[in-house]
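Peer 1: Pasting in a structure now, in structure tokens, and then I'll have a few things to ask.
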Amino acid sequence: MFLTEDRKTIQELSLDLGIPYPTVHREVGRLLEAGLIKEKKVGNYRFIESNKTSPYYEPLRELLEISSGPVPLLKSAFGRIRGIEKVLIFGSWAQRELGNRGAAPADIDVLVVGRPDIRKVYAACSIVGKQLGWSVNPTTMSKEEWQEETPFLKNVRKEGVINVIGNSDQNKSV
């Protein structure tokens, strides 16, 4: 919840996390009491979301992003796939991470450079997407294609990328 803008019910959290409802209910109560999350009641539903006004929000979000956010999860998932030379995050998520303003990301765009088994790339994206609660959208290309100056790649390079595996020769490595 600290890595997305989502509001969820306790039932949705229970299903998403694969944790029994009573356990999630108890932990939500503790997090509410600590002021780390807040709730909004709509009819019979209690929607839970992170409390962005908490002084602990930003440090916790940063810690979670470093330890279990997109970069470490993608690095782990793609690190096992042969034929990958680079994995870069681009698009809105990279833009926010690089400190640029804009709307909150709704997904994560990943550029995979090399000649991997495409089925394994999509499987890795699916797994990471489920872990994060966001869709992870891969774009794959060969090393030769990555070195071209297409309009798409010019834009990606101009906007900036986050290095996950390999080096983009620019921007931020995490």
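The values are calculated or read from the model by the stated rules, or taken from the named source; none is laboratory data. Nothing here was measured: the structure is a model prediction, and the numbers come from that model. Glycine also receives a Cβ, built like all others from the backbone with ideal geometry; neighbour counts cover every protein chain displayed.
Peer 1: Where in the range 25-113 are there strands (runs of 3 or more DSSP E), lying fully within it, with 2 or more residues that are touching a helix residue (DSSP H, G or I) at 6+ places or on another chain (Cβ under 9 Å) and outside the structural domain of Glu145 (by TED's automatic domain parsing)?
Peer 2: 37-42, 45-50
Peer 1: I would also like to ask the following. Can you go through Gly160, Gly133, Gly114 and tell me which one is of a type in the set (Gly, Ala, Ser), surrounded by 12 or more Cβ atoms within 10 Å (Cβ to Cβ) and in contact with a Leu (Cβ under 6 Å, 6 or more places away or on another chain)?
Peer 2: Just one listed residue meets the conditions, Gly160.
Peer 1: Restricting the search to the range 114-140, which residues are over 22 Å from Glu62 (Cα atoms), of a type outside the set (Asp, Glu) and part of a loop (DSSP other than H, G, I, E, B)?
Peer 2: Listed by number, the residues that qualify are Arg115, Pro116.
Peer 1: How about the range 1-24: which of its residues are over 20 Å from the mean Cα position of the chain (by Cα) and assigned to a strand (DSSP E or B)?
Peer 2: Thr9, the sole residue that qualifies.
Peer 1: Return a yes/no flag: does the range 141-148 have any residue that is part of a strand (DSSP E or B), modelled with pLDDT of 85 or more and outside the structural domain of Asp16 (by TED's automatic domain parsing).
Peer 2: Yes, the conditions are met somewhere in the range 141-148.
Peer 1: Right, here's the next one. If Thr23 meets every condition in (1) of a type in the set (Val, Ile, Thr); (2) farther than 27 Å from Val136 by Cα; (3) crowded, with 18+ Cβ neighbours inside 10 Å apart from one, which number is that one?
Peer 2: Checking Thr23 against (1) of a type in the set (Val, Ile, Thr); (2) farther than 27 Å from Val136 by Cα; (3) crowded, with 18+ Cβ neighbours inside 10 Å, the one that fails is (3).
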